[in-house]
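Shown next, in structure tokens, is the structure this report addresses.
The values are calculated or read from the model by the stated rules, or taken from the named source; none is laboratory data. No experiment lies behind these values; they were computed from the predicted model shown. Positions of Cβ are backbone-derived with ideal geometry, glycine not excepted, and every protein chain shown enters the neighbour counts. Surface accessibility is based on the protein's heavy atoms, side chains included, excluding ligands, DNA and RNA. Shrake-Rupley method; radii C 1.70, N 1.55, O 1.52, S 1.80 Å.
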Amino acid sequence: GSSPVVEQVSAFVGIRDLVASSALLTAIDQTVLEGIRLGSLLSTDYIMDCFMSTLYELEWASMTVDAADVLTPTISGLVSRGIDRVLSQGFDAAFLMYETHMLRAAPAYFQQEIRPMLNQNLLRGYFLEDENGNSRHCLPILSWLHTGNVDFRDLLLTPEEALAVGGSGNEPYGDLFSSLVMPYLQEKVLEPTTLNTAIVGSLTKEQSGAQGVLEFANVFEYQQLGGALYDYLDFKVSKVKITNLDKLVDPLLLQPTDANRVLNSIGLDATTGTDDGLNAVNVTARVMLDVGGIDSPLQMKNEVEFSVAIPSASLSIEFLANLKKRSLLEFPLEDVTNLHCWLAALATVEEMSKENQEQMQQTTNLAVSALSFSFSTFFLDSTCITSSSPGCQSVSEVLHRLQQAGLVSLFRESIILLVEDIILSFWDGFDVQALVDAAPTYCPHSDRFNPQVRKPVQELPKLSGFSSNTSETILALGTIAVEAAVVISAKNQLLLAEENPGESTSASSAVPKSFPAGSDILDWQNLSARWGSWIDITFDEFRNYLSTPVDRKKELRKRTAELTPRINLLLQEYILDQSGAMVVDMDGLSLTALGFSISATKAQITGLDTITSINPLVVLSSNTLASTAHLEALDVAIDFDVTTLLGTTEQMRLKYAFKEVDVQIDTKVALNTTKVGHTQLGSIFDVSHIDNCLLKGVQAFEISKLNITAKEVAPSSIEGYFSEHQATVSTLVESLHSEYQSDIVKAMPLMIDSTIREMINALIPDILQTMTSGCPDPPQFKSDGLVDFRDFLLSEFDSEKLEGSGNSPYGNLFSLLYDVLEKEVMMTGASSRPVLNDLLATMTEKQSNV
């Protein structure tokens, strides 16, 4: 009847310098492993069964344990001190007797006793067999899941989350992805610190040698040989570098938003600790432009590094994918890394229509259903690496000025749309539907697999499918870049002039060429030697005739001043159109870049009839003529046809305006009088052919001096194509103009008399060849016929009134000269008598001094 005594006894034993080793024998059936279907793995309860079923054998082949010393066991906690002492002494005695034997027997004991026990009870009884002693195997895939398309909400989300976004919430595809894969991705892989350090950091370091940095060498190169303006042109993007990429935030992967849509997003945030973009994600591109040729006015070799820094940005893309249930569930493990097999797993349009009549209108099985890009701001800068042009240093200054003028805020939304369009353009360029249709051919488990067909090499697609707004954005940014280039060129000219005062600012280093000479070449200082003294008198009178002031009231378009040089009247009457403009055809001048084709169609020059003073064709030497003039205003408008990325053709006009313009042009002309004399009169019956034919006698033509200055240069303006960006472009252009107008005005004469003059001279030989080829053969007439002076001298209308043919069989040259004779020579001049009398009086006075 006594109460039992409960002892709380603790025994302690220790081992020093323990060394254990084991060898696990594992034999896996590779064919069975690779043949496991994903459908058998979707439930976490059966994953082990599937993987264990692939094992031929699983056992510990060896297990040994060695120890240098076993510490004496101790017992504590007994109530009776006597018993405690007796047991302790007994343990000590036994341990001293058998310690050596225990240490010697331990390896064999673990190998022969413990190892078989673990093989039987653990490896075989738990891993290789189930609780009933049966071999483990994969459960068959449920047949009712073989029809229809996968609902990503039920596949990737927990039941509660799936139900919240419209899924069934009953885990029809098991819980592998919802409870294991997706949580692991989001919590372990996509956790920002892990993502930036372990994944982005390691990948970028492997690629570039620096964490968070990507580098690409020899990105792009364009070369062109030959041409009138240069011997060769080499444009190269030698390196692109992206830094601070390990600033990713808020990553989201495969977040279902609907049954067949998943959202993916990522952010960049490098704003921590800075407000000036110094720690921002930075993209730099090293660009080299090398224009060569000793005669080239464009000769240069500049290497500049452009950079754009983005403190923060985000990108989200939602994909629509109709993945067949049967394809997912029967997908073998061996093809998991084969992209073609995943594309082949998508439902065809026909299959979708059969499954659900409501999807009859669906025409794609894989698409970008939504796209969103955003950024906070960006910072532009540049650094000159090597430069032959001192103005290279001005690039950074001009970029900063554009940013101060609001470039970022004005174009932010447009640039966002541009980036989104570029991404979608690349996606469309891959022709995803064609890739999906061809995918079964390259998928080993597809019934359409053909091992004889080689997998195609996917090339980077061309940009296409841009919206009209994006096309306008690219062209608007290009126009601003052109204006910036004008400013940089002006700064470059001023710096060159400062470095080499009094010398030409031209880039060309060519030695001046000799000019043709000989008895056939016209000597402008000695015209009388060939044709007599009258030619000098006539030439002088012609010059005076052009510059003599006449009454403006006789003009068709009256001006405010009463008198104007006669050349204005002649220009209005015979050269300018009804609007007072001279139109120059520019067909053939075109540029194609970034998918755009820009062709100059015509140039319209107005203000040529605002000459207030002129001193034309002053003979400076045997082959040099100089002309000077002052114009009140001069406007130049160039019309372009712009073929956009959409394939449409739009019109655009670029206008420049100048006030109080002084012009000085010195031209060297080698005119071969023999060749001119051989020109047949019939070839120039039409005045439009005079230039083409008479230029056959020009052996050489060169502008030796071209000095144009303007008191005021207005900002360039653009009309036409920029429906969305007209005001934005104007704002930025005017900002550049207001900041750098004085530089442009100062540099204009330097630029015109060096680079532009030499460019014109370089193009002149080709222009002459093109024009002289347009000289026609004379018309054919009957050998016994006589000239009908009515058709020869009169307009078609006046000829027909006098019973002539009225169809200008002799062209319009002589009728035009006759009209000039009547209106300009026989008309009453300043002396209230025909101008002819004034001309004759001057000529006779010069001939006889009377």
### Message
Considering only region 118-130, I want to know if a residue exists there that is within 30 Å of Phe319 (Cα to Cα) and either open to solvent by 50 Å² or more (accessible area, probe 1.4 Å) or in contact with a Pro (Cβ under 8 Å, 6 or more places away or on another chain) (or both).
### Response
no
#### Entry: Scan of region 27-42 for residues that are open to solvent by 70 Å² or more (accessible area, probe 1.4 Å) and assigned to a strand (DSSP E or B), ordered by number
Ile28, Arg37
### Task
Would you mind stating whether Leu254 is of a type outside the set (Phe, Trp, Tyr), more than 30 Å from Phe306 (Cα to Cα) and open to solvent by 60 Å² or more (accessible area, probe 1.4 Å)?
yes
### Query
How many residues does region 404-448 contain that are in a helix (DSSP H, G or I), of a type in the set (S, T, N, Q) and crowded, with 17+ Cβ neighbours inside 10 Å?
3
### Summary
Exactly one of Ser238, Ser296 is assigned to a strand (DSSP E or B) and among the small types (Gly, Ala, Ser), and that one is Ser238
### The one condition in (1) within 24 Å of Cys138 (Cα to Cα); (2) without any contact (Cβ under 8 Å) to a residue 40 or more places away in the chain; (3) of a type in the set (Asp, Glu) that Glu99 fails to fulfil
(1)
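For (1) farther than 28 Å from Ala313 by Cα; (2) among the acidic types (Asp, Glu), each residue gets a yes or a no:
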residue	(1), (2)
Val150	yes, no
Glu171	yes, yes
Phe220	no, no
Gly226	yes, no
Leu229	yes, no
### Message
Taking the criterion of being β-branched (Val, Ile, Thr), open to solvent by 50 Å² or more (accessible area, probe 1.4 Å) and not in a strand (DSSP E or B), would at least one residue in region 46-65 satisfy it?
### Response
no
### Task
Give Val291, Val262, Val240, Val283 a once-over and let me know the one that is within 20 Å of the chain's Cα centre (by Cα) and open to solvent by less than 40 Å² (accessible area, probe 1.4 Å).
Val240
### Query
Do you know which residues across region 100-148 are among the polar types (S, T, N, Q), over 21 Å from Ile36 (Cα atoms) and not in a loop (DSSP other than H, G, I, E, B)?
Thr100, Gln111, Gln112, Asn119, Gln120, Asn121
## Note on the structure
Per the filter on region 332-362, residues surrounded by fewer than 15 Cβ atoms within 10 Å (Cβ to Cβ) and at pLDDT 85 or above are Val336, Thr337, Leu339
#### Entry: Criterion: within 45 Å of the chain's Cα centre (by Cα) and more than 30 Å from Asn544 (Cβ to Cβ) - qualifying residue of Thr628, Thr643, Thr667, Thr606
Thr643
## Note on the structure
Condition set farther than 12 Å from Asp290 by Cβ and under 18 Å from the mean Cα position of the chain (by Cα), scope region 201-237, selection most open to solvent (accessible area, probe 1.4 Å): answer is Asn218
### Query
Hey, among the residues in region 151-172 that are under 45 Å from the mean Cα position of the chain (by Cα) and outside any helix (DSSP H, G or I), which one's surrounded by the fewest Cβ atoms within 10 Å (Cβ to Cβ)?
Gly166
### Query
Only one of (1) exposed (fewer than 14 other Cβ atoms within 10 Å of the Cβ); (2) in a helix (DSSP H, G or I) is not met by Phe177, so which one is it?
(1)
## Note on the structure
In the set Ser369, Ser376, Ser382, the lone residue that is of a type in the set (S, T, N, Q), in contact with a strand residue (DSSP E or B) (Cβ under 6 Å, 6 or more places away or on another chain), over 21 Å from Thr479 (Cβ atoms) and at pLDDT 90 or above is Ser369
### Message
Just to confirm my filter: which helices (runs of 4 or more DSSP H) fall fully inside region 670-760 and include at least 2 residues that are touching a Pro at 6+ places or on another chain (Cβ under 6 Å)?
### Response
726-751
### Summary
Over region 609-624, the set of residues farther than 23 Å from Leu576 by Cβ and surrounded by 17 or more Cβ atoms within 10 Å (Cβ to Cβ) is Val619, Asn623, Thr624
### Summary
Restricting attention to region 625-651, the residues that are in contact with a strand residue (DSSP E or B) (Cβ under 6 Å, 6 or more places away or on another chain), among the hydrophobic types (A, V, I, L, M, F, W, C), over 30 Å from Ala517 (Cβ atoms) and crowded, with 18+ Cβ neighbours inside 10 Å number exactly 6
